[in-house]
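The values are calculated or read from the model by the stated rules, or taken from the named source; none is laboratory data. As the structure is a computational prediction, the values presented were derived from the model and not from experiment. As a convention, Cβ positions derive from the backbone with ideal geometry for all residues, glycine included, and neighbour counts pool all protein chains shown. Heads up: the accessible areas ignore ligands, DNA and RNA and are worked out on the full protein's heavy atoms, side chains in. Shrake-Rupley method; radii C 1.70, N 1.55, O 1.52, S 1.80 Å.
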Amino acid sequence: MGIETEYGITCAAQRGTRPPLDAEESAQRLFAPVVAVHRSTNTFLENGSRLYLDVGAHPEYATAECDNIDDLLAHDRAGELIFARLAKRANEKLQDDGVPGAIHLLKNNVDSEGHSFGCHENYMVHRRPDYRQRIARLIPFFVTRQIVAGAGSLHRGEDGQVRYEFSQRSHQMWEAISSASTRSRPMINTRDEPHADAELYRRMHVIVGDSNISQATTGLKVAATEALLTLVEEGAILPDLELADPMHAIRITGADLSGRANLELASGGLTDPISVQQRMYEAALNHLDRKGYLAELDPTRRYLLELWERAIDAVERRDPSAIATEIDWAAKLALLTRYRERTGAKLCDTRVARLDLAYHDITEGGLRDRMEESGLLRRVIAPARATAAMTTPPHTTRAALRGRFLAAARQARRDVAVDWSTLRLMEANGNSSAVLNDPLATENPEVEALIEEITA
């Protein structure tokens, strides 16, 4: 599994004037050190990840492949740290050049003009002829997952009123399942790019989730999805909760913090987000228990599945304070509520909007580090592990091979070309390559031969 995150970027003026640089110029400044080293704004790093500048001037980071959630959380945070370091360098250069502004990177999903950018989850699953039917059963889960994993949103409705909602992505989805990504923006993208042995695997590409600041929330959305995929992969049947109109359901779910929005079922009758999440949680836990997997869970997965249950319960009891150090929407709601109580500001106040952005700011102007250090946000992994992940790939996936190959090539100053499943050594008399079709393989004789050729 892995996570791709697109970041918002802005160059804020220091003296309240118009931004001195637009998003495109800011992104070029941000990526200048990357281009200087890699001669491109699209590169793979020695920690196995991919760093690039996406369409629309969105800096993007795709984690290395991970087979455990601790590694995934470390590498997701490593992406934040890498971009924060690039922003610090860019801002020092802005000062040297006399530009009166500072670049900020925002790990959120919508800008002030309503443009959306995403956080995509990737899960490797077995290739089956009934793949679409199987994942269709997950749509009610993804529609309602925002009540336990949303990032919180200040949403301005058609009536001009600003309301606090669960998710920043709930108003950006237009289909449940589709092979398109930008035109229709589905919850699950079915474009068949496995980045692995296509005879054996598919990549389930989930684009409905929010970008999360809290490590606990990031972990929860992945752990819950992984648990349900285990059930689906092993042939168990998910509860039949097919929704009559998933797009309507996801919007009214996001807007109702009680978790009791009326969701119409395709079979007739009504359900609500809390009930859907409870049914999915029970199905996942019962399956894991029957198979004996619960006893084998690592501490992080055990904690996150327990958090899933507590988060559902907190929404049902209308007590966000019970999860306010772990779940993003509740943590941010508490932050904004404290500020409003102190200042008397309304949700539509620009000061509240700035505080909302500060929650998502991963550069020096952001609140995350201070909130974690003061206990307002729970850390799931130690800072040292995230720092190590900036340069070290996971050891239990093919990312370890990619990282070793890149490290050897850059030390020897050899030209290489890399993608998720191929490594190439560029040579005047013909290129040598290795194919990594198994994402879980950490040994490959072709890679060893390339590294030996590089270091000879």
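Here is how the numbers come out for the structure above:
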quantity: Qualifying residue in the range 332-349 (condition: of a type in the set (A, V, I, L, M), at pLDDT 95 or above and farther than 20 Å from ARG370 by Cα); calculated: yes
quantity: Filter result for LEU270 (open to solvent by 10 Å² or more (accessible area, probe 1.4 Å), over 30 Å from GLU65 (Cβ atoms), touching a Ser or Thr at 6+ places or on another chain (Cβ under 7 Å) and free of Cβ contacts under 8 Å to residues at least 60 places away in the same chain); calculated: no
quantity: Qualifying residues in the range 274-314 (those that are over 14 Å from ALA224 (Cβ atoms) and either in contact (Cβ under 8 Å) with a residue 12 or more places away in the chain or β-branched (Val, Ile, Thr) (or both)) - the one surrounded by the fewest Cβ atoms within 10 Å (Cβ to Cβ); calculated: ASP298
quantity: Among residues of the range 204-219, those that are of a type in the set (A, V, I, L, M, F, W, C) and over 20 Å from ILE135 (Cβ atoms), counted; calculated: 2
quantity: Criterion: over 30 Å from SER321 (Cβ atoms) and modelled with pLDDT of 95 or more - qualifying residue of ARG404, ARG385, ARG413; calculated: ARG404
quantity: The range 39-59, subset of a type outside the set (Ser, Thr, Tyr) and not in a loop (DSSP other than H, G, I, E, B), residue surrounded by the fewest Cβ atoms within 10 Å (Cβ to Cβ); calculated: ASN42
quantity: Residue under evaluation LEU423, criteria (1) closer than 19 Å to PRO394 by Cα; (2) of a type outside the set (D, E, K, R); (3) more than 29 Å from the chain's Cα centre (by Cα), criterion not met; calculated: (3)
quantity: The listed residue being charged (D, E, K, R) and closer than 17 Å to GLU6 by Cα, out of ARG156, ARG127, ARG137, ARG185; calculated: ARG185
quantity: Residue count, the range 1-24 (criterion: open to solvent by less than 50 Å² (accessible area, probe 1.4 Å) and closer than 29 Å to SER49 by Cβ); calculated: 13
quantity: Some residue of the range 48-58 being among the β-branched types (Val, Ile, Thr), within 29 Å of ARG18 (Cβ to Cβ), in contact with a strand residue (DSSP E or B) (Cβ under 9 Å, 6 or more places away or on another chain) and at pLDDT below 95; calculated: no
quantity: Residue count, the range 202-234 (criterion: of a type outside the set (A, V, I, L, M) and in a loop (DSSP other than H, G, I, E, B)); calculated: 6
quantity: Condition met for ALA216 (out of contact with any strand residue (DSSP E or B) (no Cβ under 8 Å at 6 or more places or on another chain), closer than 23 Å to ALA62 by Cβ and in contact (Cβ under 8 Å) with a residue 12 or more places away in the chain); calculated: yes
quantity: Cβ pairs under 7 Å, 6+ apart, first in the range 248-259 and modelled with pLDDT of 95 or more, second surrounded by fewer than 17 Cβ atoms within 10 Å (Cβ to Cβ) and not hydroxyl-bearing (Ser, Thr, Tyr); calculated: ALA255/ARG163; SER258/ARG318
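The rows are residues; the columns are (1) free of Cβ contacts under 8 Å to residues at least 24 places away in the same chain; (2) among the hydroxyl-bearing types (Ser, Thr, Tyr); (3) surrounded by fewer than 18 Cβ atoms within 10 Å (Cβ to Cβ); (4) not in a helix (DSSP H, G or I).
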| site | (1), (2), (3), (4) |
| --- | --- |
| ALA27 | no, no, no, no |
| ALA32 | no, no, yes, no |
| VAL37 | yes, no, yes, no |
| TYR61 | no, yes, no, yes |
| ASP67 | no, no, yes, yes |
| ASP71 | no, no, no, no |
| ARG77 | no, no, no, no |
| LEU86 | no, no, no, no |
